[in-house]
Amino acid sequence: MKLAVLGAGAVGRSVAELAADYGHTVTALADSSSAVVDADGIDVADALATKDEEGTVGTDAPQAALDADYDALVEATPTTLGDAQPGFGHVEAALERDRHVVLANKGPVAERYADVRALERESASEVLFEATVGGAMPVLSTIADFDPEHITAARGVLNGTANFILSRMAAEGLGYEHVLAEAQDLGVAEADPTFDVEGTDAALKCVIVANVLAQGDREYTLDDAEVEGISSIPGSALELAQEDGHTVRLIGEVADGDVRVGPRLVPENAALSVSGTRNIVQLETEHAGRLNISGRGAGGPETASAVLADVGRLPER
Amino acid sequence: MSDSQDEVRAYTVRLELVDEPGELLRALHPIADNGGNLLSIFHERGNITPRGHIPVEVDLEATPERFDGIVEALRDADFNIIQAGAERYGEALTIVLSGHLVNTDLSHTLSHIQEATEATVTDLALSAPEGTEDVSSARLRLATEEGKADDALAAVREVATEKDLTVVEPLTAGGDA
């Protein structure tokens, strides 16, 4: 398939780099201020080298990537809240041209799920968004395979940064601020970690899962989620949990129509108490008990592999 | 993928039996039939609960999944389960509170939780490594009547909001692993 990749951050770059490995051709690549377009396939290595040297992928305007010749648009620009722009507009533009859309950007399906689905119905094309929940882990495709009808609840650890901080605090008996600084040095936490440690990122993923499980009966947005973060958890809380054979994890839950994210006590040896940046999702199935999916929930190549798996699921246009 | 669902663990189940012949045997069937391995049975024949029932404590081994089946089967057979090993079969729950616990009157916090929900604080552990003037944490074990765990949690959240405390809740029902 011919792919237009919007966004040249960690995920967009990896998609462009790995596309050939999956048998696809990148015909356009754009960052926020420029684009490079070639109907026969762009030189990905050259575009990324230009990006590193000059800060832009090419000399065309970003809009040129949207207008390019492609079968599927990969939307990997940063997640935005509220109206989810400009990501939502990119989805709209592709669907109006009857081009498929694969999202890595959580905004459109977390904040405007019904709008995205309505546009998809009007289009001859499809929207897939496996990469928006749990990086490399096949969460949404597993839900689709089981049929949302037969999944009664989902819960899990969906933010590697928060999980890294909690695991380090418990293992080393260190305070939150200390471990956060360490995580920032390691590149596990961003300079502004708010999105991760206050639970917003995990909540967006849960909202997306809630939308998929609701099958259109109800639309969820971030406002419907009850969210608490981990920044006010002192080391003494982890210590008390440990004395009782437990640990604390930032758990996101979708059950009985509610979306909740917050610190929870989890038995130390339970499947949910993954350590480090690892993520896990548990699905409660109607006929098959509990299903655990665990793996890397973030990272360029990891998330790109989920994007490219979605591209592989798309029907030929 | 994790295999911890297949690990056999030890559980304790406390039941209240009606004082009638054959009740104990009837209570053991759902355990054996659902793959539980009985370890010990403590039958307090002389000890009657306020409701006139006889408390029985059963230790058993099972995988978490089979244990869920055992609890369900006991409920289906109309046994009153006072406490089951894992966190929240409605009747006992553990939470951790953090914040300025001592400055905000910990004993008031505890009595508020008990009064609002008729829950009983059965265990309390306090950790204040920075001294009681600073942020500290408390682990509380609450015993509630069957089906009242959510009310107890709501009361905990309410008093926590009022006093600007952080609550670490147990996983909700079914989320024991």
Name the residue, out of A:290, A:317, that is within 11 Å of another protein chain (Cβ to nearest Cβ) and either farther than 27 Å from residue A:73 by Cβ or touching an Asp or Glu at 6+ places or on another chain (Cβ under 8 Å) (or both). A:290
Mind checking which strands (runs of 3 or more DSSP E) fall wholly inside the stretch A:1-77 and carry at least 3 residues that are buried (at least 23 other Cβ atoms within 10 Å of the Cβ) and under 22 Å from the mean Cα position of the chain (by Cα)? A:2-6, A:25-30, A:72-75
Of the residues in the stretch A:249-302 that are part of a strand (DSSP E or B) and among the small types (Gly, Ala, Ser), the one that is nearest to residue A:218 (Cα to Cα) is A:255
Could you check how many residues of the stretch A:222-244 are more than 9 Å from chain B (Cβ to nearest Cβ), within 22 Å of residue A:201 (Cβ to Cβ) and in a helix (DSSP H, G or I)? 3
Filter result (crowded, with 23+ Cβ neighbours inside 10 Å and part of a helix (DSSP H, G or I)) within the stretch A:117-139: A:130, A:131, A:132, A:139
Does residue B:98 fit the bill of being at pLDDT 80 or above and surrounded by fewer than 15 Cβ atoms within 10 Å (Cβ to Cβ)? no
Against the condition farther than 28 Å from residue A:288 by Cβ, buried (at least 17 other Cβ atoms within 10 Å of the Cβ) and of a type in the set (A, V, I, L, M, F, W, C), how does residue A:241 come out, does it pass? yes
Answer yes if at least one residue in the stretch A:307-315 is surrounded by fewer than 18 Cβ atoms within 10 Å (Cβ to Cβ), part of a loop (DSSP other than H, G, I, E, B) and aliphatic (A, V, I, L, M), and no otherwise. yes
So, first residue in contact (Cβ under 8 Å) with a residue 60 or more places away in the chain and more than 9 Å from chain A (Cβ to nearest Cβ) in the stretch B:123-146, second residue assigned to a strand (DSSP E or B) and among the hydrophobic types (A, V, I, L, M, F, W, C), Cβ within less than 6 Å, six or more apart or across chains; the pairs are B:143/B:92
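The values are calculated or read from the model by the stated rules, or taken from the named source; none is laboratory data. Note that the structure is a prediction, hence the values are computed from the model and not measured. Cβ coordinates were reconstructed from backbone atoms using ideal geometry, including for glycine residues, and neighbour counts include every protein chain displayed.
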